[in-house]
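The values are calculated or read from the model by the stated rules, or taken from the named source; none is laboratory data. Given the structure is predicted, the values throughout are model-derived calculations rather than measurements. Neighbour counts are summed over all protein chains in view; Cβ atoms, including those assigned to glycine, are modelled from backbone coordinates with ideal geometry. Quick note on the areas: whole protein, heavy atoms, side chains included, nothing else; ligands and nucleic acids left out. Shrake-Rupley method; radii C 1.70, N 1.55, O 1.52, S 1.80 Å.
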Amino acid sequence: MIIAVDGPTASGKGTIAKALAAHFGLPHLDTGLLYRAVGRQVQLNGGDPESSVDALAACDFPAALLEDENLRSEEVGGFASRVSVHPAVRRALYERQRAFATQAGGAVLDGRDIGTVIAPEAEVKLFVTASVAERARRRWLEMTGRGIDVALAEIERDIAARDARDMGRKDAPLIAAPDALVLDTTCFSRDGAIEAAIEAVLARVG
Ligand code: C5P
């Protein structure tokens, strides 16, 4: 069984995808991490994320970079969003994601285009979303909890900009697949959202 979990930044899709993988005993791939690694490699190379040549060169990032703590930062998230606009970057990362999705026994992948491009045949597609204000609040709580001093309004601006870029790009824009189940987690607790996702999967596959 392939489970595709797509949605905007800080919607809770990563938490939900991990929980689904644990519940159904499936391997999980956070595809955002691949784009973050490319963004971080551009940064390390001193390149320009808007340049498709610099971004494509960064797709050769070493495997160890996926363990880099900096990948989770907002700054690298912004770089990831910029490099992910280039079709050449998306092509370069396609096979790796496709191989993960089609492995024997199935898999859970989370990202932006899993249900539309990487695994359109997925048995279950969830599109996890929440209001910008709620996503900003969650990200702010998480960051301040880690001791990072940041203004809520700044996070809200960054999230709105990232949404606009992810939804507005020509190649594989962030959009719910027509057969995806939309899960709005704005009013859900973490556990409530996980429970709703598990129920949604069971309703789809029986
Ligand atoms: O999910 P995460 O915030 O880690 O993703 C970082 C960025 O990588 C996103 O803003 C998006 O631009 C890009 N991305 C993508 N396609 C995916 C996963 C992530 O374009 N499947």
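Every residue in segment 18-36 that is more than 10 Å from the ligand (Cβ to nearest atom) and of a type outside the set (Lys, Arg), please.
Matches in segment 18-36: Ala19, Leu20, Ala21, Ala22, His23, Phe24, Gly25, Leu26, Pro27, His28.
Looking at this structure, is Val128 surrounded by 19 or more Cβ atoms within 10 Å (Cβ to Cβ) and either modelled with pLDDT of 95 or more or under 16 Å from the mean Cα position of the chain (by Cα) (or both)?
Spelling it out, Val128 is indeed surrounded by 19 or more Cβ atoms within 10 Å (Cβ to Cβ) and either modelled with pLDDT of 95 or more or under 16 Å from the mean Cα position of the chain (by Cα) (or both).
Does any residue of segment 16-25 turn out to be in contact with a Pro (Cβ under 9 Å, 6 or more places away or on another chain), open to solvent by less than 60 Å² (accessible area, probe 1.4 Å) and over 27 Å from Ala133 (Cα atoms)?
Within segment 16-25, one or more residues are in contact with a Pro (Cβ under 9 Å, 6 or more places away or on another chain), open to solvent by less than 60 Å² (accessible area, probe 1.4 Å) and over 27 Å from Ala133 (Cα atoms).
Residue by residue, here is whether (1) modelled with pLDDT of 95 or more; (2) in contact with a strand residue (DSSP E or B) (Cβ under 7 Å, 6 or more places away or on another chain); (3) of a type in the set (D, E, K, R); (4) surrounded by fewer than 20 Cβ atoms within 10 Å (Cβ to Cβ) holds:
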| position | (1), (2), (3), (4) |
| --- | --- |
| Ser81 | no, no, no, no |
| His86 | yes, no, no, no |
| Val89 | yes, no, no, no |
| Tyr94 | yes, no, no, yes |
| Arg98 | yes, no, yes, yes |
| Asp110 | yes, yes, yes, no |
| Glu123 | yes, yes, yes, yes |
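Go through the residues of segment 139-155 one by one and say whether even a single one is open to solvent by 60 Å² or more (accessible area, probe 1.4 Å), under 22 Å from Leu29 (Cβ atoms) and at pLDDT below 95.
Scanning segment 139-155 turns up at least one residue that is open to solvent by 60 Å² or more (accessible area, probe 1.4 Å), under 22 Å from Leu29 (Cβ atoms) and at pLDDT below 95.
Before we move on, is Phe100 over 26 Å from Met143 (Cβ atoms) and under 17 Å from the mean Cα position of the chain (by Cα)?
For Phe100, the condition - over 26 Å from Met143 (Cβ atoms) and under 17 Å from the mean Cα position of the chain (by Cα) - is met.
Restricting attention to segment 70-111, and to residues there that are touching a helix residue (DSSP H, G or I) at 6+ places or on another chain (Cβ under 6 Å) and assigned to a loop (DSSP other than H, G, I, E, B), which single residue is farthest from the ligand (Cβ to nearest atom)?
Here the residue is His86.
Would you tally the residues in segment 144-178 being within 19 Å of the chain's Cα centre (by Cα) and either away from the ligand (no atom under 14 Å from the Cβ) or among the aromatic types (Phe, Trp, Tyr) (or both)?
The qualifying residues number 3.
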